[in-house]
Amino acid sequence: MNVLILGSGGREHAFAYSISKSSLLSQLFVAPGNAGTAQIATNVALGVTDFPAIKEFVLENNVQMVVVGPEAPLVEGIYDYFQEDAALKDVNVIGPSKQAAMLEGSKEFAKEFMERNEVPTAAYKSFTATSLKEGMGFIDSLKPPFVLKADGLAGGKGVLIISDAQEAKESLEEMLVGGKFGAASNKVVIEEFLDGIEMSVFVLTDGDSYKILPTAKDYKRIGEGDTGLNTGGMGAVSPVPFADDVLMQKIEQKVVIPTVEGFKKENLVYKGFVFIGLMIVDQEPLVIEYNVRMGDPETESVLPRISSDLLSHLNAFATTSLDQENLVID
Ligand code: AMP
Ligand code: GLY
């Protein structure tokens, strides 16, 4: 099988490394790739959201599977683009539909999905420029610190945690009317602060069954000793040492099952990875975000722990079903 991976990060290098070991693989391409992927696959100079160019490449090179690394092509609807094109619809695109990708593309959409499907999460309200005053009133009704989230994609930088109420109100105004995060903050979700410890759970689903992949925890701050500004993630570890069987059972029952069942109930077409960001408060998991892809750098610590054939698991989406696959975790 010929496989194309979209993206250029450490995540895509980790995908390429795992997939390159599969006996099912013929040719492996990464677009645009990086210096690491060049050593184990063929890099192709294509933009990850240039769908017509991706189409041409896929058809010319008989690509049967596209593994989508970053969120942008998913939120822009690459899954639907392939489904709606007669020449492309049999290509196995690993990723959710455009509608389901809203779980990452809009914080409000994600919160409403969680509420409808009884997935535990922080209490919240969302506001726009016209409801700025109500937003300020809502800040007054909460205990500090205040958590302000730009609704749209902001490259992992759209969340502000502020202790002072006056400062939080000023930031809310900057986001809603001052264009602080551009269009991403035309709407702002304000939510209850959760005081706990973070971890991430990764789920692979073919829309029907699911497999829970190894847990991970990334470390975001730029400086030595976990200091300084947040980045998208400087490094990650797997397994998460405190994620014991009791906690994992709770996560599966209270978070993973209602999430996958929610996709089905709401007809959200989802064939890919779900990255669930959790805050563990008093041993209970609460969801702080969904990402509709794997994490970067988390993938670098998660995929090497899968000792079964990742490409076979992904191929099952198109051939049989995921529950026929035997996922082995080291
Ligand atoms: P997000 O982009 O939603 O993952 O938020 C970025 C970071 O903000 C998270 O990784 C958490 O560290 C923090 N965060 C988000 N929501 C909350 C919350 N309700 N309470 C406490 N911290 C939060
Ligand atoms: N490392 C965090 C992310 O991929 O969103």
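The values are calculated or read from the model by the stated rules, or taken from the named source; none is laboratory data. Just so it is clear, the structure is predicted and the values come from calculations on it, not from any experiment. Note: ideal-geometry Cβ built from the backbone for every residue, glycine included; neighbour counts use all protein chains shown. Remember, those area values only see protein heavy atoms, side chains included, never the ligands or the DNA or RNA. Shrake-Rupley method; radii C 1.70, N 1.55, O 1.52, S 1.80 Å.
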message = Under 9 Å between Cβ atoms, which residue pairs at least 6 apart in sequence (or on different chains) link something in segment 269-292 that is without any contact (Cβ under 8 Å) to a residue 12 or more places away in the chain and open to solvent by 10 Å² or more (accessible area, probe 1.4 Å) with a partner that is away from ligand 2 (no atom under 13 Å from the Cβ) and of a type in the set (S, T, N, Q)?
response = none
message = List pairs: first residue in segment 44-66 and under 18 Å from Pro96 (Cα atoms) and in contact (Cβ under 8 Å) with a residue 40 or more places away in the chain, second residue open to solvent by 30 Å² or more (accessible area, probe 1.4 Å) and part of a loop (DSSP other than H, G, I, E, B) anywhere in the structure, Cβ distance under 6 angstrom, at least six positions apart or on different chains.
response = Gln64/Met1
task = Give segment 183-220 a look and list any residue that's surrounded by fewer than 15 Cβ atoms within 10 Å (Cβ to Cβ) and assigned to a strand (DSSP E or B), or say none.
result = Ile197, Glu198, Tyr219
note = With the first residue restricted to segment 122-151 and required to be on the phi < 0 side of the Ramachandran plot, and the second required to be aromatic (Phe, Trp, Tyr) and not in a loop (DSSP other than H, G, I, E, B), Cβ contacts under 6 Å at 6 or more apart or on different chains are Lys125/Phe138; Gly135/Phe127; Ile139/Phe146
message = Quick check on segment 221-243. Is at least one of its residues closer than 30 Å to Ala316 by Cα, away from ligand 2 (no atom under 16 Å from the Cβ), among the hydrophobic types (A, V, I, L, M, F, W, C) and crowded, with 18+ Cβ neighbours inside 10 Å?
response = yes
query = Looking at this structure, is Phe202 in contact with a Leu (Cβ under 6 Å, 6 or more places away or on another chain) and within 30 Å of Thr320 (Cα to Cα)?
reply = yes
message = So, in segment 286-330, how many residues would count as being small (Gly, Ala, Ser), within 16 Å of ligand 2 (Cβ to nearest atom) and closer than 28 Å to Phe113 by Cα?
response = 1
